[in-house]
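A.B. asks: Right, I'll just put the structure down here and ask away after.
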Amino acid sequence: RSSDLVLAALRAATGSAAMAGRRVVISGYGSVGAHLAASLRAAGAGVVVSDIDPAKRAVAEKQGLAWAEPEKALTLTADVVIPAAVGGVLDPGTVARLDTPLVVGPANNQLTDDTVADALAARGIRWIPDYVASAGGILYTLSREAEGLGHEAALARVETIEQTVAGLLEAAEANATTPLQEAAALAERRLTSGAGPRTPSPRALRTGA
């Protein structure tokens, strides 16, 4: 359901999840990236994909997708940039060349260090922390296995991530912080309040603890 999270982030950031006429750049055309590309193209977006494996270009173009070289993908003009492969792709140099208002994707550990979140915010780029963007699968599993919820109830729990994303962006704007800082603060509040599993904590998602 990664495409749902992208739509949720877009709605939270811009007020509309409509994909028609939007340009989306996906860096990484593996199984997750390919699924995202197909879903977002079906929703009406113009999709550009990239991968370090040049053999995937023919596959992508056969699906009606545009192709970009890996070293250029993240800096293309886009409505949404989606890191969907390796981590460490957002560093000060890359952030300075980004041409998008929104970065959200399933790749883990996207920032080379946490100060990059400040650089993104300083440029007015909304970045959804990777562990929030990737939380759907973990949240679904916890809901089913730890809480014993049925399929539909677990999916409904996953859909609350949209509210989490909207809240993080609103809090970051109101408090002049970053979504990363607000996500960490939210995780801490939930852990200390014993609120039960919602979006897992940064430490849990990064270390498996």
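The values are calculated or read from the model by the stated rules, or taken from the named source; none is laboratory data. Just so it is clear, the model here is predicted, and its values are computed rather than measured. When we count neighbours, we look across all protein chains shown, and the Cβ atoms used for this are built from the backbone with ideal geometry, even at glycine. For the accessible areas, the whole protein counts, side chains as well, though only heavy atoms, and no ligand, DNA or RNA atoms are used. Shrake-Rupley method; radii C 1.70, N 1.55, O 1.52, S 1.80 Å.
A.B. asks: In segment 50-85, what residues are open to solvent by 60 Å² or more (accessible area, probe 1.4 Å) and of a type in the set (Val, Ile, Thr)?
C.D. replies: Across segment 50-85, the qualifying residues are 52, 59, 77.
A.B. asks: Does residue 65 satisfy the criteria of being at pLDDT below 95, in contact with a strand residue (DSSP E or B) (Cβ under 8 Å, 6 or more places away or on another chain) and under 21 Å from residue 99 (Cβ atoms)?
C.D. replies: Numbers: at pLDDT below 95: no; in contact with a strand residue (DSSP E or B) (Cβ under 8 Å, 6 or more places away or on another chain): yes; under 21 Å from residue 99 (Cβ atoms): yes.
Here the answer is no, as residue 65 does not meet what is asked.
A.B. asks: List the pairs whose first member sits in segment 50-67 and is aliphatic (A, V, I, L, M), whose second member is open to solvent by less than 60 Å² (accessible area, probe 1.4 Å), and whose Cβ atoms are under 6 Å apart, counting only residues at least 6 apart or on separate chains?
C.D. replies: If the second residue must be open to solvent by less than 60 Å² (accessible area, probe 1.4 Å), the pairs left are 52/70; 60/29; 60/49; 60/67; 65/37; 65/47; 65/49; 66/48.
A.B. asks: Report yes if residue 41 is open to solvent by 40 Å² or more (accessible area, probe 1.4 Å) and over 16 Å from residue 22 (Cα atoms), otherwise no. Walk me through it before giving the result.
C.D. replies: Numbers: open to solvent by 40 Å² or more (accessible area, probe 1.4 Å): yes; over 16 Å from residue 22 (Cα atoms): no.
Criteria not met by residue 41.
A.B. asks: Just a yes or no: is a residue in segment 6-13 over 23 Å from residue 132 (Cα atoms) and open to solvent by less than 60 Å² (accessible area, probe 1.4 Å)?
C.D. replies: Restricting attention to segment 6-13, the residues satisfying the condition of being over 23 Å from residue 132 (Cα atoms) are none.
Within segment 6-13 (the criterion being over 23 Å from residue 132 (Cα atoms) and open to solvent by less than 60 Å² (accessible area, probe 1.4 Å)), the answer is no, since none of the residues qualifies.
A.B. asks: Further question: Name the single residue, out of those in segment 172-193 being open to solvent by less than 60 Å² (accessible area, probe 1.4 Å) and more than 16 Å from residue 111 (Cβ to Cβ), that is modelled with the highest pLDDT.
C.D. replies: Initial filter on segment 172-193 (open to solvent by less than 60 Å² (accessible area, probe 1.4 Å)): 172, 177-180, 182-187.
Filter again for more than 16 Å from residue 111 (Cβ to Cβ), leaving 185-187.
Working: 185: 91, 186: 87, 187: 83.
Per the criteria, the residue is 185.
A.B. asks: Collect the residues in segment 73-95 that are in contact (Cβ under 8 Å) with a residue 24 or more places away in the chain and not in a loop (DSSP other than H, G, I, E, B), keeping them in residue-number order.
C.D. replies: Scanning segment 73-95 gives 73, 77, 80, 81, 82, 83, 90, 92, 95.
A.B. asks: Hey, among 123, 97, which residue is of a type in the set (D, E, K, R), out of contact with any helix residue (DSSP H, G or I) (no Cβ under 8 Å at 6 or more places or on another chain), open to solvent by 10 Å² or more (accessible area, probe 1.4 Å) and not assigned by the TED database to the domain that holds residue 179? Reasoning before the result, please.
C.D. replies: On the way: 123 fails: out of contact with any helix residue (DSSP H, G or I) (no Cβ under 8 Å at 6 or more places or on another chain).
Being of a type in the set (D, E, K, R), out of contact with any helix residue (DSSP H, G or I) (no Cβ under 8 Å at 6 or more places or on another chain), open to solvent by 10 Å² or more (accessible area, probe 1.4 Å) and not assigned by the TED database to the domain that holds residue 179 holds for just one of 123, 97, which is 97.
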